[in-house]
Amino acid sequence: MNYGLVRVAAGIPQVRIADPDWNVRQIENLILQAQNQKAEILVTPELSLTGYTCADLFQQQVLLDEAEIALMKLMDFTRSMDIITVVGTPVSYHGCLLNCAAVIQKGKLIGLVPKTYLPNYGEYYERRWFLPATDIPRGNVLICGQSIHLGQQQLFHTPTCTFGIEICEDLWAPIPPSSRLTLAGAEIILNLSADNDAVGKYDYLQSLLRQQSARTISGYVYAAAGFGESTQDLVFGGKALICENGAILQHSQRNSIETQLITTEIDTERIRAERRRNTTFSASMREVDDSTFLHTVTDQMVQSHIQLTRHVDPHPFVPSGSMLARHCQEVFNIQVEGLANRLRHTGSQVAVLGISGGLDSTLALLVCAKAFDLLGLNRRGIVGITMPGFGTTDRTYTNAVNLMKYLGITIREISIREACIQHFADIGHDINIHDTTYENSQARERTQILMDAANQMNGIVIGTGDLSELALGWATYNGDHMSMYGVNASVPKTLVRYLVQWIATEIPDDNTRATLTDIVDTPISPELIPADERGEITQKTEDLVGPYELHDFFLYYTLRWGFRPSKTYMLARQAFSGKYTDETIKKWLTTFFRRFFSQQFKRSCLPDGPKVGSCSLSPRGDWRMPSDASAESWLKECESL
């Protein structure tokens, strides 16, 4: 099962200008390499059989005949191969010449797609030799002993995907052919190009490819002419890129004199999921008349299992490298603005929140401090309440108090011990039985204190729970589950840690920075079970429900892309190879789906809170799910892994 993963290849062969016989041998070598790497589709540059820079030689019958002979050689070469090869060649048609992409599979020419937009400005003068596709009627051309349909609006259907083709300048048009092709059903666009080099042009090209693949929600495979093209006036450095929905998955080395081949997998299931989700895309489909498109079904292919080669980020909510700081800044600003607007709307100058010395309450407190600064309010209006209980440790208590002191907020301490002991007596619960009643009673007592204190001071309670806890239902119903505004509601646990780390680096005060750093290093725990004899935390959340980095990974691919458990498992094995065993991943994947379904009732009545990223579980926003939905199908698939 390849889960919609289509391995594609973009090749940049060396060329000799006006020597199709030599060029075809280079392309044959690329086909062999791509076939050996189990690629289903290979695309080569524009006019790769002749070279793009032949100029007036395109008017020579010798060159046109040799190009057709080279095309027949390729057809014969691929007779026993499943791979689909797309090459560039000039084609004579009704007394004119067309710049075409030829689609070959199993010894047959299955399609010809002419270039739509011909550049005739600056260094380009293609209209001197070629006619654009828009100037010719649709029809058939006799070539290589076959009668082949020739037209720009063609879709090719393989057993795994649907693809369309545009050529070089087509991409740069205000409305590229790929826009219509994707609205008509193409999931992958192939572009045969001969884009020359110029200062700054490569960055622009990358941006263009990312944007077009994002706008059309598609995979995009681009191959541009390289070494061997004439450098009389221009240089063709060779550029191959493979994109998917706004991201560059793979790219070639620039300015190489060697033949190059890049391969990776495009995830068509991911593309289809995003198109189903994006109603704007489906609404735009009315702009395209499907009856004007020719649909070509390719031959069946022998489906073989492919080992995933594309990078799978183990932390999809956390950008890597230089993007991380900017991402953290943006998320933090959204949280701050959301809270500031809520405070201004309610007219409240008091924010009440429980401070435990853990990551979530720390982030919520930092958001409060920044929001008060933004509104010009005195930070003394932030009331941080520490509520020691049976499991509170010296480390978390000290960090909580120190952080509140350093930030200059109002500190209150209200122990929950006596109230909980009285409550246990009232309901007849043995205090030595550390069960759900024992734990949840403490969480609800703390929430009652926060709510009543907010009433006392005409304030609002700021929620601290995060997205990961909501996904797993790791919150006490009507306890820490409830607040008046949840600033962390769509921030996953893996990102919370990085946010606090980032804020620590931005704070000039050494004491505050040291406290934040220690909070980041503290094990995640609700601290509802007494500490051990050394005063250390005994109740570690990740020992009970599993590593949050795994659960955040599962959540991302379930919520954002709707992937089935087996595909998520496959991706997790790739992402966490060497860190978690297959059994460990399977165990916590099963736990994730069991809890995700059973705990929906807690998400159905969530407090307000800002969406900060691509995923949210708000019942008013991204996620609407019946609380009594069955998890049977998902759990059965987990068991079968």
Rounded to 10°, Cα long-axis angle of helix 582-598 versus longest principal axis of the chain: 70 degrees
Cross-link table Lys567/Lys587; Lys201/Lys239; Lys38/Lys201, entries beyond 23 Å C-alpha to C-alpha: Lys38/Lys201
Using alpha-carbon coordinates, inclination of helix 268-277 to the longest axis of the chain, degrees: 60 degrees
Lys73, Lys567, Lys587, Lys636 arranged by Cβ crowding within 10 Å, fewest neighbours leading: Lys636, Lys587, Lys73, Lys567
In order through the range 513-523: 3J(HN,Hα) via Karplus (6.51 cos²θ - 1.76 cosθ + 1.60), integer Hz, x for Gly, Pro: 4, 5, 5, 4, 5, 5, 4, 4, 7, 7, x
For the chain, size of Cβ-based charge dipole, Lys and Arg +1, Asp and Glu -1, in debye: 860 debye
DSSP-assigned coil residues among chymotrypsin sites (Phe, Trp or Tyr not before Pro) in the range 119-180, each with at most 15 further Cβ atoms within 10 Å: Tyr121, Tyr124, Tyr125
Cα→Cβ-extended label distance, 7 Å offset, between Arg286 and Met457, nm: 5.4 nm
Fewest-first sequence of Lys370, Lys493, Lys602 by Cβ atoms within 10 Å of each Cβ: Lys370, Lys602, Lys493
Part-to-part distance (alpha-carbon centres) for the range 265-300 and the range 199-251, which is given in Å: 22 Å
Under Karplus coefficients 6.51, -1.76 and 1.60, residue-wise ³J(HN,Hα) of the range 313-323 in Hz, glycine/proline x: 6, x, 10, x, 8, 10, x, 9, x, 5, 6
Linear extension gain, Thr134 paired with Lys587, 0.36 nm per residue minus alpha-carbon span: 157.4 nm
Potential extension, Arg564-Ser230 segment - 0.36 nm per residue separation minus Cα distance: 115.2 nm
Qualifying aspartates and glutamates (Cα of each under 13 Å from Cα of Lys611; at least 8 residues distant if same chain): Glu330, Glu337, Asp466, Asp622
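Bear in mind these aren't lab numbers, they're just calculated from the coordinates by the rules spelled out. Only a predicted model underlies this, so the values are computations on that prediction, with no experimental measurement involved. Here Cβ is always computed from backbone atoms with ideal geometry, including for glycine, and neighbour counts include all displayed protein chains.
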